[in-house]
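Here the structure is laid out as structure tokens; the discussion comes afterwards.
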Amino acid sequence: METPRQEELLKPSRIPLSIVLPTYNESQNITRVIDSISDSIPEGTKAEIIVVDDSSPDGTGSVVADYANRLGQGMKKRLHIEVINRPGKMGLSSAILAGVESACGDVVVVMDSDMSHPPQTIPRMLEELAHSKCDIVVASRYIKGGGVSGWPFKRKLMSKGATKIAQYSLGITVKDPMSGFFAFRRQIIEGIKFDAIGYKMLLEILVKAKGARIKEIPYTFTNRRLGSSKLDTSTMIDYVRAVWRLYRYGRSAPEEKRRSVRFLSKAGRFYTVGASGLLVNYLVSFVLTALFPAIWYLHATIAGIALSITSNFILNKLWTFEDRDFSAKRTLVQYGMFAGFSAFGALVQLGMVYYLVESQGQSYPLALILAVATASISNFLLNKKWTFKERVWG
Ligand SMILES: Nc1nc2c(ncn2[C@@H]2O[C@H](COP(=O)(O)OP(=O)(O)OP(=O)(O)O)[C@@H](O)[C@H]2O)c(=O)[nH]1
Ligand SMILES: [Mg+2]
């Protein structure tokens, strides 16, 4: 049901374009963002800018209201500025949703309000929507020509990690599903119920707007220069919650259900076996040194490693990959590959810990966690594909 404002603005071809700007404490950035947007949108295009402000303590809301009042008559004909004031900080995705739900434009652009997303990219997004048969245009950091400037290593790693989680667990092929800068035809989200949890609204649109045709165009994300980031631990927890909800939402598609469930349950089994291997390794080394005090501790450790690789191999063959064929040649080849990949994993782990601690100055505990995670992921995928001859996904 349209609001009176929407009825007014929806009169035929009144407003083709809506730009949604979520703001929390962006008083130092917001006027420059709006200036740059009004300079960038194509000549003659009418647009509305919807600023969704969560009662920013720094007065961002009133800065925008002042700006809108000071707009010249000529500009007012072309640019309509609306501020949605929300009672308190309620999260980025829900702010975007509030803006999108009140938008009137046939096309909606969503972007951050801290100058990280260059408004000069908007005309290209509109161009793509107008001319190439697509419904969503994603401004992407992770395709050719795209990039990120000014982010510390840790931030890049977090972004890439979160991207991979989204792609694998939700079966998304878009290279930058975490992008906060995108445009879409408003009609593709009509009738969709959004959870709008956390930070990544695009992810939810990509999962729920089934059949939407998507195009990625490159752009460079520039780290904010003014104001402070709102990204914190609660945002990351929200992200995991949002992905889990979308994963369960995604399970409604039978084919998707089977493959993603299979992949994750295999990964789960592989890591359970891995954990049991640690136990075997420890117990064997410990029992050997206890029973045979004369044994050199390194011999005991090597025996522990060898037996844990063997038990891991047998358990993964039987349980994880449900392979009951223990014919001699086949099993020996598999065992050799499995042991080889385990050794390779150990080397990756060692190399990564050394690189992170020595050249990236990371703390040892963080470096170890990252290295073990990377080595175990490569271990799982290599064995799945090569040792047990399975598709990587499914
Ligand atoms: N209305 C509203 N806007 C928010 C909220 N959280 C963040 N924003 C806005 O959403 C945009 C993205 O937030 P940022 O803090 O810049 O997130 P980020 O880009 O991942 O972090 P930085 O790289 O540090 O800038 C900015 O325009 C924020 O002002 C919120 O809870 N409510
Ligand atoms: Mg930002």
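Read the figures in this text as sums done on the coordinates, not as results from a lab. These figures come from a predicted structure and were not determined experimentally. Please note: Cβ atoms are built from the backbone with ideal geometry, for glycine as well, and neighbour counts cover all protein chains shown.
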Next on the checklist: For a quick check: with amide H placed at 1.01 Å from N, whose amide H comes under 5 Å from Ile49's, ignoring anything fewer than 5 positions away on the same chain?
Outcome noted: Ile19, His80, Ile81, Glu82
Checklist entry - Roughly what % antiparallel, to the nearest 5, for the DSSP beta bridges in the chain? => result 20
Next on the checklist: Under 17 Å between alpha carbons, and skipping anything fewer than 8 positions from Lys156 in its own chain: which lysines qualify?
Outcome noted: Lys144, Lys164, Lys175, Lys200, Lys230
Item to check | Estimated D of segment 199-249 in µm² per second, where Rh is the Kirkwood radius over Cα pairs and Stokes-Einstein applies at 10 °C, 1.306 mPa s | outcome: 118
Checklist entry - When only C-alpha pairs under 8 Å and at least 6 residues apart count, what is the relative contact order of the chain, in percent? => result 14
Checklist entry - Over segment 14-245, what is the percentage of antiparallel beta bridges among all DSSP beta bridges, to the nearest 5? => result 20
Item to check | Additional length obtainable on full extension of the chain from Arg78 to Asp35, 0.36 nm per residue less Cα span | outcome: 14.2 nm
Checklist entry - Quick one: Cα centre-to-centre distance for segment 324-386 and segment 90-144, in angstrom? => result 40
Checklist outcome for this item: Note to self, the chain gives a 222 nm [θ] from helices alone (DSSP H runs n ≥ 4, -39500 (n - 2.57) apiece, / all residues, nearest 500) of -17000 deg cm²/dmol
Checklist entry - If you wrap a convex hull around the C-alpha atoms of segment 119-221 and split its volume per residue, what is the figure in Å³? => result 109
Item to check | Leu347/Lys164 FRET efficiency (R0 22 Å; Cβ-Cβ; nearest 0.05) | outcome: 0.50
Next on the checklist: Report the Cα-based extents of segment 240-394 along its three principal axes, largest first, to the nearest Å.
Outcome noted: 60, 48, 24
Checklist entry - Span-like helices, the chain: DSSP H, alpha-carbon axial extent 20 Å or more, mean Kyte-Doolittle -1.0 or greater, which ones? => result 153-170, 233-250, 254-291, 297-315, 328-358, 364-382
Item to check | Two-decimal log10 I(q)/I(0) for segment 14-245, as the Debye equation yields it once each C-alpha is a single scatterer, q = 0.12 Å⁻¹ | outcome: -0.62
Checklist entry - Two-decimal Rg/Rh of segment 318-394 from alpha-carbon positions, Kirkwood Rh? => result 1.11
Checklist entry - With Rg and the Kirkwood Rh both taken from Cα atoms, where does Rg over Rh land for the chain? => result 1.09
